[in-house]
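Asks: This is the structure, below, for whatever I ask next.
The values are calculated or read from the model by the stated rules, or taken from the named source; none is laboratory data. Everything numeric here is computed off the predicted structure, so don't read it as measured data. Because the Cβ atoms are built from the backbone with ideal geometry, glycine has one as well, and the counts that use them run over all protein chains shown. We work out accessible area using only protein heavy atoms, side chains counted, and drop any ligands, DNA or RNA first. Shrake-Rupley method; radii C 1.70, N 1.55, O 1.52, S 1.80 Å.
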Amino acid sequence: YVFQSASGYHLGDVVKITAPLAVYNTELELADLIAIEKTGTAPLPGPVMAEAVSDANQGQLLQLQDVTIRNIISATPAGSFEFDAVNGGVSNHVRVDVRTGVALADFPYQEGAVVNVTGVSAIFRGLYQLKPRGLGDFTAVQSDTEAPTTSAALSAAPNAEGWVNQDVEVALTAADDTAGTITTQYAVDGGAYTAYAGPFTVTEEARHTVGYFSTDAAGNAEEAKFIQVNVDKTLPAAELTQSGQAVGDVLETAVLTFELVSSDGLSGIISEQLLLDGTEIASGETVQASELG
(Lines give C-alpha, C1' and ligand atoms only; values in the text may rest on other atoms or scores of the structure.)
Protein backbone atom coordinates (compact mmCIF):
# COMPACT_ATOMS: atom_id res chain seq x y z
CA TYR A 1 0.00 0.00 0.00
CA VAL A 2 1.50 3.32 -1.10
CA PHE A 3 0.31 6.21 1.06
CA GLN A 4 0.59 9.37 -1.01
CA SER A 5 -1.51 12.38 -2.02
CA ALA A 6 0.01 13.47 -5.34
CA SER A 7 -2.39 13.70 -8.27
CA GLY A 8 -1.95 12.71 -11.90
CA TYR A 9 -1.52 8.99 -11.54
CA HIS A 10 -3.87 6.50 -13.19
CA LEU A 11 -4.51 2.79 -13.46
CA GLY A 12 -1.93 1.28 -15.79
CA ASP A 13 0.83 3.79 -15.02
CA VAL A 14 4.27 2.28 -14.42
CA VAL A 15 5.98 4.14 -11.59
CA LYS A 16 9.26 4.15 -9.75
CA ILE A 17 8.84 4.78 -6.02
CA THR A 18 11.48 5.68 -3.47
CA ALA A 19 10.25 5.57 0.11
CA PRO A 20 10.94 3.96 3.46
CA LEU A 21 9.06 0.77 4.32
CA ALA A 22 6.59 1.04 7.19
CA VAL A 23 4.07 -1.17 8.93
CA TYR A 24 0.66 0.25 9.85
CA ASN A 25 -1.72 -2.02 11.69
CA THR A 26 0.12 -5.08 10.29
CA GLU A 27 -0.10 -3.80 6.70
CA LEU A 28 3.12 -3.08 4.83
CA GLU A 29 3.24 0.46 3.48
CA LEU A 30 5.47 2.84 1.61
CA ALA A 31 5.01 6.15 3.45
CA ASP A 32 6.75 9.54 3.51
CA LEU A 33 7.61 9.24 -0.16
CA ILE A 34 10.96 10.57 -1.23
CA ALA A 35 10.16 10.31 -4.95
CA ILE A 36 7.52 8.87 -7.25
CA GLU A 37 8.16 8.93 -10.98
CA LYS A 38 6.01 7.77 -13.86
CA THR A 39 8.13 5.73 -16.29
CA GLY A 40 5.46 4.54 -18.73
CA THR A 41 2.21 2.66 -19.03
CA ALA A 42 1.29 -1.01 -19.27
CA PRO A 43 -1.82 -3.14 -19.55
CA LEU A 44 -3.36 -3.87 -16.20
CA PRO A 45 -2.60 -7.38 -14.94
CA GLY A 46 -5.45 -9.84 -14.97
CA PRO A 47 -6.73 -11.00 -11.61
CA VAL A 48 -5.60 -14.30 -10.14
CA MET A 49 -8.52 -16.60 -9.31
CA ALA A 50 -8.33 -17.46 -5.64
CA GLU A 51 -10.41 -19.09 -2.96
CA ALA A 52 -8.96 -17.09 -0.09
CA VAL A 53 -6.93 -13.99 0.72
CA SER A 54 -3.78 -15.16 2.46
CA ASP A 55 -0.21 -14.27 3.34
CA ALA A 56 0.96 -16.00 0.15
CA ASN A 57 -0.90 -13.65 -2.21
CA GLN A 58 -0.44 -10.28 -0.48
CA GLY A 59 -0.33 -7.36 -2.90
CA GLN A 60 -1.71 -9.39 -5.80
CA LEU A 61 -4.85 -8.63 -7.76
CA LEU A 62 -7.28 -11.43 -6.90
CA GLN A 63 -10.77 -12.41 -7.91
CA LEU A 64 -13.18 -14.26 -5.65
CA GLN A 65 -15.87 -15.96 -7.71
CA ASP A 66 -19.47 -16.86 -6.85
CA VAL A 67 -19.33 -15.36 -3.37
CA THR A 68 -22.38 -14.39 -1.36
CA ILE A 69 -22.39 -11.01 0.39
CA ARG A 70 -22.92 -11.36 4.15
CA ASN A 71 -22.70 -9.10 7.21
CA ILE A 72 -22.43 -5.64 5.61
CA ILE A 73 -21.17 -3.05 8.14
CA SER A 74 -20.13 0.60 8.01
CA ALA A 75 -16.44 1.50 8.31
CA THR A 76 -14.21 4.54 8.46
CA PRO A 77 -13.79 6.92 6.79
CA ALA A 78 -17.53 7.67 6.59
CA GLY A 79 -19.18 6.01 3.64
CA SER A 80 -16.73 3.11 3.63
CA PHE A 81 -18.04 -0.37 4.38
CA GLU A 82 -17.00 -3.98 4.84
CA PHE A 83 -18.63 -7.34 4.33
CA ASP A 84 -17.91 -11.07 4.28
CA ALA A 85 -17.69 -12.83 0.91
CA VAL A 86 -18.79 -16.43 1.46
CA ASN A 87 -18.47 -19.39 -0.88
CA GLY A 88 -19.25 -22.76 0.66
CA GLY A 89 -17.22 -23.04 3.84
CA VAL A 90 -14.75 -20.29 2.89
CA SER A 91 -15.30 -16.70 4.07
CA ASN A 92 -13.17 -13.73 3.00
CA HIS A 93 -13.38 -10.18 4.32
CA VAL A 94 -13.85 -7.36 1.80
CA ARG A 95 -13.22 -3.69 2.60
CA VAL A 96 -14.53 -1.00 0.25
CA ASP A 97 -12.95 2.41 0.90
CA VAL A 98 -15.19 5.37 0.05
CA ARG A 99 -12.19 7.07 -1.54
CA THR A 100 -12.49 4.57 -4.42
CA GLY A 101 -15.73 6.34 -5.34
CA VAL A 102 -17.97 3.61 -3.95
CA ALA A 103 -20.08 4.54 -0.91
CA LEU A 104 -22.27 2.21 1.11
CA ALA A 105 -25.39 4.31 0.37
CA ASP A 106 -24.88 3.83 -3.36
CA PHE A 107 -23.68 0.20 -3.33
CA PRO A 108 -26.09 -1.68 -5.66
CA TYR A 109 -25.66 -5.11 -4.07
CA GLN A 110 -27.54 -6.23 -0.99
CA GLU A 111 -27.18 -8.91 1.64
CA GLY A 112 -27.39 -12.32 -0.04
CA ALA A 113 -26.35 -11.15 -3.50
CA VAL A 114 -23.97 -13.47 -5.36
CA VAL A 115 -21.08 -11.66 -7.07
CA ASN A 116 -17.60 -11.98 -8.46
CA VAL A 117 -15.36 -9.45 -6.72
CA THR A 118 -11.87 -8.35 -7.74
CA GLY A 119 -9.43 -6.47 -5.54
CA VAL A 120 -5.98 -6.25 -4.03
CA SER A 121 -5.03 -8.81 -1.41
CA ALA A 122 -4.21 -7.00 1.85
CA ILE A 123 -4.11 -7.30 5.62
CA PHE A 124 -5.27 -4.85 8.28
CA ARG A 125 -4.92 -5.38 12.01
CA GLY A 126 -4.16 -9.02 11.39
CA LEU A 127 -7.26 -9.58 9.25
CA TYR A 128 -6.70 -10.69 5.68
CA GLN A 129 -9.00 -8.77 3.37
CA LEU A 130 -9.67 -7.89 -0.25
CA LYS A 131 -9.67 -4.24 -1.32
CA PRO A 132 -11.70 -3.53 -4.50
CA ARG A 133 -10.57 -0.55 -6.59
CA GLY A 134 -14.04 0.61 -7.66
CA LEU A 135 -17.54 -0.51 -8.57
CA GLY A 136 -16.18 -2.08 -11.75
CA ASP A 137 -14.54 -4.73 -9.58
CA PHE A 138 -17.99 -6.19 -8.85
CA THR A 139 -20.05 -8.26 -11.25
CA ALA A 140 -23.35 -9.94 -10.44
CA VAL A 141 -23.58 -13.69 -10.83
CA GLN A 142 -26.88 -14.88 -12.17
CA SER A 143 -28.59 -17.17 -9.70
CA ASP A 144 -29.10 -20.59 -11.24
CA THR A 145 -32.19 -22.33 -9.91
CA GLU A 146 -33.43 -23.90 -13.14
CA ALA A 147 -32.66 -27.51 -13.95
CA PRO A 148 -31.34 -28.39 -17.42
CA THR A 149 -33.55 -30.10 -19.98
CA THR A 150 -32.62 -33.28 -21.82
CA SER A 151 -34.02 -34.61 -25.09
CA ALA A 152 -33.65 -38.05 -26.66
CA ALA A 153 -33.36 -38.90 -30.36
CA LEU A 154 -33.64 -42.38 -31.91
CA SER A 155 -31.77 -43.48 -35.03
CA ALA A 156 -34.91 -45.23 -36.31
CA ALA A 157 -38.44 -43.92 -35.97
CA PRO A 158 -41.00 -46.35 -34.50
CA ASN A 159 -43.96 -47.36 -36.66
CA ALA A 160 -47.55 -46.55 -35.78
CA GLU A 161 -47.57 -49.43 -33.31
CA GLY A 162 -44.43 -48.15 -31.57
CA TRP A 163 -41.97 -50.77 -32.86
CA VAL A 164 -38.72 -50.77 -34.86
CA ASN A 165 -37.27 -53.76 -36.70
CA GLN A 166 -33.58 -52.94 -36.28
CA ASP A 167 -30.99 -51.94 -33.68
CA VAL A 168 -31.68 -48.48 -32.33
CA GLU A 169 -29.09 -45.86 -31.37
CA VAL A 170 -30.19 -43.48 -28.63
CA ALA A 171 -28.62 -40.00 -28.46
CA LEU A 172 -29.22 -37.66 -25.52
CA THR A 173 -28.78 -33.88 -25.68
CA ALA A 174 -28.89 -31.58 -22.64
CA ALA A 175 -29.24 -27.78 -22.50
CA ASP A 176 -29.21 -25.28 -19.62
CA ASP A 177 -30.01 -21.59 -19.25
CA THR A 178 -26.59 -20.84 -17.73
CA ALA A 179 -23.07 -21.80 -18.73
CA GLY A 180 -21.34 -24.66 -16.98
CA THR A 181 -20.80 -28.39 -17.08
CA ILE A 182 -23.89 -30.54 -17.54
CA THR A 183 -23.84 -34.18 -16.47
CA THR A 184 -26.33 -36.57 -18.09
CA GLN A 185 -27.24 -40.03 -16.80
CA TYR A 186 -29.37 -42.81 -18.24
CA ALA A 187 -30.70 -46.23 -17.32
CA VAL A 188 -32.25 -49.03 -19.36
CA ASP A 189 -35.18 -51.13 -18.10
CA GLY A 190 -34.95 -49.92 -14.51
CA GLY A 191 -31.26 -50.63 -14.09
CA ALA A 192 -28.75 -48.41 -12.30
CA TYR A 193 -28.21 -44.96 -13.81
CA THR A 194 -24.85 -44.49 -15.49
CA ALA A 195 -23.03 -41.46 -16.88
CA TYR A 196 -23.85 -40.70 -20.51
CA ALA A 197 -20.69 -40.44 -22.61
CA GLY A 198 -22.23 -40.64 -26.08
CA PRO A 199 -24.91 -42.42 -28.11
CA PHE A 200 -25.63 -46.01 -27.06
CA THR A 201 -27.31 -48.82 -28.98
CA VAL A 202 -30.28 -50.95 -27.95
CA THR A 203 -30.00 -54.34 -29.70
CA GLU A 204 -31.98 -56.86 -27.66
CA GLU A 205 -35.45 -57.72 -28.94
CA ALA A 206 -37.91 -56.62 -26.26
CA ARG A 207 -39.96 -53.72 -24.97
CA HIS A 208 -37.40 -51.36 -23.43
CA THR A 209 -37.78 -48.30 -21.23
CA VAL A 210 -34.91 -45.79 -21.23
CA GLY A 211 -34.78 -43.27 -18.38
CA TYR A 212 -32.58 -40.18 -18.46
CA PHE A 213 -31.97 -36.85 -16.72
CA SER A 214 -29.28 -34.15 -16.43
CA THR A 215 -27.72 -32.12 -13.62
CA ASP A 216 -26.10 -28.69 -14.09
CA ALA A 217 -23.03 -27.20 -12.44
CA ALA A 218 -25.17 -25.59 -9.74
CA GLY A 219 -26.55 -28.98 -8.73
CA ASN A 220 -30.01 -28.51 -10.26
CA ALA A 221 -31.27 -31.91 -11.41
CA GLU A 222 -34.22 -32.34 -13.74
CA GLU A 223 -36.92 -34.91 -13.12
CA ALA A 224 -36.19 -38.16 -14.91
CA LYS A 225 -37.79 -38.62 -18.33
CA PHE A 226 -38.62 -41.93 -20.02
CA ILE A 227 -38.85 -43.12 -23.61
CA GLN A 228 -39.95 -46.47 -25.03
CA VAL A 229 -37.62 -48.34 -27.39
CA ASN A 230 -39.39 -51.46 -28.66
CA VAL A 231 -37.25 -53.72 -30.85
CA ASP A 232 -38.56 -56.70 -32.87
CA LYS A 233 -36.20 -57.96 -35.58
CA THR A 234 -37.72 -61.45 -36.06
CA LEU A 235 -40.11 -62.14 -38.94
CA PRO A 236 -43.58 -63.42 -38.07
CA ALA A 237 -44.60 -66.98 -38.96
CA ALA A 238 -47.46 -67.92 -41.30
CA GLU A 239 -48.92 -71.44 -41.77
CA LEU A 240 -51.42 -72.33 -44.48
CA THR A 241 -53.65 -75.43 -44.28
CA GLN A 242 -56.04 -76.91 -46.80
CA SER A 243 -59.10 -78.41 -45.14
CA GLY A 244 -57.02 -79.02 -42.05
CA GLN A 245 -54.18 -80.75 -43.96
CA ALA A 246 -51.06 -79.72 -45.80
CA VAL A 247 -51.73 -78.05 -49.11
CA GLY A 248 -51.66 -80.57 -51.99
CA ASP A 249 -53.43 -81.92 -55.07
CA VAL A 250 -57.10 -82.89 -54.63
CA LEU A 251 -59.94 -84.52 -56.53
CA GLU A 252 -62.01 -82.27 -58.74
CA THR A 253 -65.08 -83.01 -56.66
CA ALA A 254 -63.51 -81.84 -53.38
CA VAL A 255 -64.72 -78.89 -51.40
CA LEU A 256 -61.73 -77.04 -49.90
CA THR A 257 -61.18 -74.66 -47.01
CA PHE A 258 -57.93 -72.70 -46.91
CA GLU A 259 -56.96 -71.33 -43.48
CA LEU A 260 -54.05 -69.02 -42.68
CA VAL A 261 -52.67 -68.95 -39.12
CA SER A 262 -50.14 -66.18 -38.38
CA SER A 263 -48.10 -65.77 -35.21
CA ASP A 264 -45.46 -63.44 -33.76
CA GLY A 265 -43.89 -63.83 -30.34
CA LEU A 266 -43.17 -60.14 -29.66
CA SER A 267 -44.84 -57.27 -31.47
CA GLY A 268 -47.79 -59.34 -32.68
CA ILE A 269 -49.55 -59.57 -36.03
CA ILE A 270 -50.82 -56.33 -37.49
CA SER A 271 -52.02 -57.74 -40.85
CA GLU A 272 -52.15 -60.95 -42.89
CA GLN A 273 -53.17 -61.71 -46.47
CA LEU A 274 -54.27 -64.88 -48.26
CA LEU A 275 -54.22 -64.85 -52.08
CA LEU A 276 -55.65 -67.33 -54.55
CA ASP A 277 -54.20 -66.82 -58.02
CA GLY A 278 -53.40 -63.24 -57.06
CA THR A 279 -56.87 -62.46 -55.71
CA GLU A 280 -57.36 -62.02 -52.00
CA ILE A 281 -59.67 -64.47 -50.25
CA ALA A 282 -60.69 -64.71 -46.62
CA SER A 283 -59.11 -67.29 -44.36
CA GLY A 284 -61.59 -70.17 -43.91
CA GLU A 285 -63.44 -69.38 -47.12
CA THR A 286 -64.87 -72.46 -48.93
CA VAL A 287 -63.60 -73.07 -52.45
CA GLN A 288 -64.84 -75.66 -54.99
CA ALA A 289 -61.92 -77.70 -56.35
CA SER A 290 -63.56 -77.76 -59.75
CA GLU A 291 -63.18 -74.00 -59.90
CA LEU A 292 -59.43 -74.17 -59.40
CA GLY A 293 -58.51 -76.08 -62.54
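Asks: Taking the residues in the stretch 239-293 that are among the acidic types (Asp, Glu) and in a loop (DSSP other than H, G, I, E, B) as candidates, determine which candidate is farthest from residue 161 (Cα to Cα).
Replies: From the stretch 239-293, those among the acidic types (Asp, Glu) are 239, 249, 252, 259, 264, 272, 277, 280, 285, 291; that's our starting set.
With the extra rule that they be in a loop (DSSP other than H, G, I, E, B), the set shrinks to 249, 252, 264, 272, 277, 285.
Numbers: 249: 40, 252: 44, 264: 14, 272: 16, 277: 31, 285: 29 Å.
Residue satisfying both the conditions and the ranking: 252.
Asks: Can you confirm whether the stretch 131-142 contains a residue that is part of a loop (DSSP other than H, G, I, E, B) and within 14 Å of residue 66 (Cα to Cα)? Give the derivation first.
Replies: If we filter the stretch 131-142 for residues that are part of a loop (DSSP other than H, G, I, E, B), which is where we start, we get 132-134, 141-142.
Now narrow it down to the ones that are within 14 Å of residue 66 (Cα to Cα): 141-142.
Yes, because at least one residue in the stretch 131-142 is part of a loop (DSSP other than H, G, I, E, B) and within 14 Å of residue 66 (Cα to Cα).
Asks: On to the next question. Among the candidates 210, 229, single out the residue that is hydrophobic (A, V, I, L, M, F, W, C), under 21 Å from residue 270 (Cβ atoms) and not in a loop (DSSP other than H, G, I, E, B).
Replies: On inspection, the qualifying residue turns out to be 229.
Asks: Using the structure shown, decide if residue 99 is farther than 30 Å from residue 271 by Cβ, open to solvent by 40 Å² or more (accessible area, probe 1.4 Å) and either in contact with a Pro (Cβ under 7 Å, 6 or more places away or on another chain) or free of Cβ contacts under 8 Å to residues at least 24 places away in the same chain (or both).
Replies: Values: farther than 30 Å from residue 271 by Cβ: yes; open to solvent by 40 Å² or more (accessible area, probe 1.4 Å): yes; either in contact with a Pro (Cβ under 7 Å, 6 or more places away or on another chain) or free of Cβ contacts under 8 Å to residues at least 24 places away in the same chain (or both): yes.
Yes.
Asks: Looking at the stretch 164-201, which of its residues are open to solvent by 60 Å² or more (accessible area, probe 1.4 Å), part of a loop (DSSP other than H, G, I, E, B) and either closer than 20 Å to residue 218 by Cβ or not charged (D, E, K, R) (or both)?
Replies: Those that are open to solvent by 60 Å² or more (accessible area, probe 1.4 Å), part of a loop (DSSP other than H, G, I, E, B) and either closer than 20 Å to residue 218 by Cβ or not charged (D, E, K, R) (or both): 165, 166, 177, 179, 181, 190, 192, 193, 197, 199.
Asks: So, one more: Return yes or no: is residue 90 closer than 24 Å to residue 62 by Cα and either free of Cβ contacts under 8 Å to residues at least 12 places away in the same chain or surrounded by 16 or more Cβ atoms within 10 Å (Cβ to Cβ) (or both)?
Replies: So residue 90 fails the test.
Asks: Of the residues that sit in the stretch 216-237 and are touching a Ser or Thr at 6+ places or on another chain (Cβ under 6 Å) and modelled with pLDDT under 95, which one is nearest to residue 156 (Cα to Cα)?
Replies: Here the residue is 221.
Asks: Just the residues that are part of a loop (DSSP other than H, G, I, E, B), of a type outside the set (Gly, Ala, Ser) and within 11 Å of residue 132 (Cβ to Cβ), please, taken from the stretch 62-121.
Replies: Of everything in the stretch 62-121, those that are part of a loop (DSSP other than H, G, I, E, B), of a type outside the set (Gly, Ala, Ser) and within 11 Å of residue 132 (Cβ to Cβ) turn out to be 97, 102, 107.
Asks: Of (1) in a loop (DSSP other than H, G, I, E, B); (2) closer than 21 Å to residue 145 by Cβ, residue 235 satisfies all except one. Which?
Replies: (2)
Asks: Just name the residue that is surrounded by the most Cβ atoms within 10 Å (Cβ to Cβ) out of those in the stretch 143-163 that are in contact with a Ser or Thr (Cβ under 6 Å, 6 or more places away or on another chain) and assigned to a loop (DSSP other than H, G, I, E, B). I'd like the intermediate steps shown before the answer.
Replies: Filtering the stretch 143-163 down to residues in contact with a Ser or Thr (Cβ under 6 Å, 6 or more places away or on another chain) leaves 144, 148, 150-151, 163.
So of that shortlist, the ones also assigned to a loop (DSSP other than H, G, I, E, B) come out as 144, 148.
Values: 144: 19, 148: 23.
Only one residue tops the list, namely 148.
Asks: Here's a follow-up. Scan 149, 181 and give me the residue that is within 30 Å of residue 114 (Cα to Cα), without any contact (Cβ under 8 Å) to a residue 60 or more places away in the chain and of a type in the set (Ser, Thr, Tyr).
Replies: Step by step, each of 149, 181 is checked, and only 181 is within 30 Å of residue 114 (Cα to Cα), without any contact (Cβ under 8 Å) to a residue 60 or more places away in the chain and of a type in the set (Ser, Thr, Tyr).
Asks: State which residue is farthest from the chain's Cα centre (by Cα) when the search covers only the stretch 228-250 and only residues that are in contact (Cβ under 8 Å) with a residue 40 or more places away in the chain and open to solvent by 40 Å² or more (accessible area, probe 1.4 Å).
Replies: 233
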